[in-house]
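Read through the structure below, which is laid out as structure tokens, and then see the notes.
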Amino acid sequence: MMPGSAPAAGGAGMFVPVATAGTVLCCMCGVSMQPNPANMCARCLRARVDITEGVPRHAAVVYCPDCSSYLQPPRSWLRAGPESPELMQILLRRINRPLARLRVSLSGAEFVFSEPHSKRLRLKLRLRREVLHGVVLEQTHPVEFVVHDRLCDNCSRAQANPDQWVAVVQLRQHVPHRRTFLYLEQLLLKHGQASLAIRVAAAPGGLDFFFGSRSHAARLVDFLATVAPIQTQTAKQLVSHDTKSSVYNYKYTFSVEICPICREDLIALSPQASRDMGGLGPLVLCVKVTNAIALLDPLTLRVHHLEEKKYRVYNFKAALTSKQLVEYIVLDIEQESPEISIDGSRYQLAYAQVARLSDFGKNDTIFTVRTHLGHLLNAGDHALGYDLYGANLNDDDMDTAMTRYSLPEVVLVKKSYEKRQRTRRWKLKRLPVEEEATNKAKGEEERRLDEYEAFLRDLEENPESRFSMNLYKNEDYRSEMASTVGDDVPTVPIEELIEDLTLGDDEEDEGEETAQGNTHAGMME
């Protein structure tokens with residue numbers, strides 16, 4: 001085979017010559033190169049043609065230091081982190097118009113490191129443009145943005161006077177405890193509904209959420225309507241009026257009242273309400289509260305869901321609340337029917353002999369009751385229930401039910417577990433609520449701590465209520481503390497816990513060094 005020739009094609013004895021790329025000399029410097037329409041090498045083209053001519057090298061961007069937002073003209077504010085894709089998009093929009101006018105396309109962009117306190121943001125752009133008879137030339141171009149600090153409208157209003165709110169949501173519930181607000185607090189944190197509030201203040205009987213926009217307050221009210229039975233009233237007050245531009249400034253108030261029926265409340269239905277619900281009751285327990293109230297007849301295991309509008313027709317109150325629960329000891333129990341599941345909750349009818357724990361060993365008063373807790377209770381267990389035998393009731397519907405029906409002397413509500421002060425392996429986040437020290441009554445702080453502890457125990461005993469909130473791992477928990485907790489006391493499985501993301505100083509410094517190294521490596525490439 002002769003040198004410079006290809007092997008025979010298909011064994012036919014024919015030789016195909018090797019195709020060599022032709023070269024020409026640059027018309028300017030005489031260097032051998034591949035031919036192109038300009039007949040110039042890349043070095044000569046860059047020396048004589050500048051595709052970045054007219055592209056700005058300096059620009060300005062407005063930044064709000066309070067909420068970490070950047071101004072998107074004319075009046076929009078967008079949140080963006082350092083060297084984030086959102087920030088890159090905001091900066092590129094500032095130079096898109098000159099690039100389109102010069103017919104220069106953007107093929108790439110990257111951040112160049114700058115000191116955080118320098119108030120400068122640097123970008124390295126890769127621009128591409130067609131020059132000289134279809135030759136496409138690509139060139140890098142640095143752009144420096146000067147950061148000007150200016151408060152956005154919401155932050156400026158909050159800095160000038162924190163009370164300059166536009167809308168307020170007054171959330172109230174007329175009950176002697178705060179369990180509903182503790183539960184709603186976790187729902188608001190999980191769904192981020194209170195993140196836009198200027199501030200949250202405690203008020204007698206509830207909370208006040210202050211917003212800088214009416215739409216933010218209306219969104220909170222819409223969310224509350226999906227998780228609780230509420231009744232809403234709105235009002236507005238004229239603050240100022242510009243006669244020339246016909247601009248009116250109002251302050252809006254949303255008064256939201258939560259239904260006073262809470263979980264574990266005992267309710268005596270009126271004869272009319274009992275008939276409308278298909279003969280339910282007359283004594284029912286509230287077992288779940290969402291946007292509807294779930295009422296359970298503990299003697300027949302019938303459940304009825306009552307919507308808020310229907311509740312306002314009857315407008316009944318709780319005859320006994322969880323504050324009036326009495327502890328009993330179970331002497332004997334006999335299951336009556338098999339265990340069933342209703343709306344995700346398990347029930348089983350059973351007959352139980354119980355005695356008040358305060359009377360145990362003092363007298364022989366024993367009650368035989370029918371309960372829905374047959375799947376939980378065993379002889380020797382403790383249970384919490386309502387004492388209708390010795391209770392002083394002030395309820396017309398309860399008096400009517402006592403005269404018409406033979407009511408049980410005790411209504412058991414839930415199983416009682418050993419109460420011990422302990423460090424839990426999980427924790428909850430809290431809303432930053434402002435409270436006035438002058439409005440606190442004596443012993444108010446201790447009462448709130450007891451209610452919060454009871455709320456935590458309730459979450460441990462009811463897995464269903466934990467599904468709608470986030471529980472985080474407690475870093476202060478030590479495994480040797482588990483020995484102080486009884487075996488029968490319910491706990492939260494570790495699989496349901498979420499890692500609480502906290503960035504320390506060391507981690508932030510390490511992240512900055514990594515970012516710097518990546519930036520310098522990208523520049524060298």
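Helix 444-461: angle to the longest alpha-carbon principal axis of the chain, degrees 0 to 90, nearest 10?
80
Kindly provide the helix-only [θ] at 222 nm of the chain, computed as the sum of -39,500 (n - 2.57) over DSSP H runs of four or more divided by all residues, to the nearest 500 deg cm²/dmol? Write out the running numbers ahead of the final one.
On the way: 11 runs with 124 residues, N = 525.
Taken over the chain, the calculation gives -7000 deg cm²/dmol.
Multiply the residue separation of Cys67 and Lys309 by 0.36 nm, subtract the distance between their alpha-carbon atoms, and state the gained length in nm to one decimal.
On the way: separation 242, 0.36 × 242 = 87.12 nm, distance 4.02 nm.
Once the chain is fully extended between Cys67 and Lys309, it gains 83.1 nm.
Rounded to the nearest percent, how much of the accessible area of the chain (1.4 Å probe, protein heavy atoms only) is carbon and sulfur?
Working: 15000 of 30430 Å².
Carbon and sulfur together cover 49 percent of it.
Tilt of helix 214-227 relative to the longest C-alpha principal axis of the chain, in degrees (0 to 90, nearest 10)?
50
Could you give each residue of region 205-212 its phi-based ³J(HN,Hα) in whole Hz, using Karplus coefficients 6.51, -1.76, 1.60 with θ = phi - 60°, and x for Gly or Pro?
x, x, 9, 10, 10, 9, 10, x
Got a sec to turn the phi values of region 184-197 into Karplus ³J(HN,Hα) couplings, 6.51 cos²θ - 1.76 cosθ + 1.60 with θ = phi - 60°, whole Hz, x for Gly and Pro?
Once rounded to whole Hz, the list reads 5, 4, 5, 5, 5, 5, 5, 8, x, 6, 9, 5, 8, 6.
Considering only DSSP beta bridges where both residues belong to the chain, give the percentage that are antiparallel (nearest 5). Intermediate results must be reported in sequence, preceding the final value.
Numbers: 93 of 111 bridges.
So the antiparallel bridges in the chain amount to around 85 percent.
Would you list which lysines come within 19 Å of Lys288, measuring only between C-alpha atoms, while excluding same-chain residues fewer than 8 positions from it?
Counting by Cα, and skipping residues close in sequence, Lys288 has these lysines nearby: Lys309, Lys310, Lys317, Lys323, Lys414, Lys415.
So how do Lys362, Lys124, Lys429, Lys236 rank on accessible area, 1.4 Å probe, biggest first, that is with the largest at the start?
On the way: Lys362 165, Lys124 50, Lys429 90, Lys236 130 Å².
Heavy-atom accessible area, descending, gives Lys362, Lys236, Lys429, Lys124.
Residues of the chain: accessible area per residue at 1.4 Å, in Å²? Intermediate results must be reported in sequence, preceding the final value.
On the way: 30430 Å² over 525 residues.
Heavy-atom SASA per residue in the chain reads 58 Å².
Can you give the net charge of the other residues whose Cβ lies under 13 Å from the Cβ of Ala225, counting K and R as +1 and D and E as -1?
On the way: positive: Arg219, Lys309; negative: Asp222, Glu257, Glu307, Glu308.
Counting the neighbours of Ala225, the net charge comes to -2.
Given a cut-off of under 8 Å on Cα pairs at least six residues apart, what relative contact order in percent is computed for region 17-131? If you can, show how the numbers build up before the last one.
On the way: 114 pairs, mean separation 18.0, N = 115.
Answer for region 17-131 is 16 percent.
Relative contact order of the chain: what whole-number percent is it, with Cα pairs under 8 angstrom and at least 6 residues apart?
On the way: 838 pairs, mean separation 48.2, N = 525.
Here the relative contact order equals 9 percent.
The values are calculated or read from the model by the stated rules, or taken from the named source; none is laboratory data. Remember, it's a predicted structure, so these values are computed and weren't measured experimentally. Neighbour counts run over all protein chains shown; Cβ positions are idealised from the backbone, glycine included. Each accessible area value is taken on the protein alone, full model and side chains, heavy atoms only, with ligands, DNA and RNA left out. Shrake-Rupley method; radii C 1.70, N 1.55, O 1.52, S 1.80 Å.
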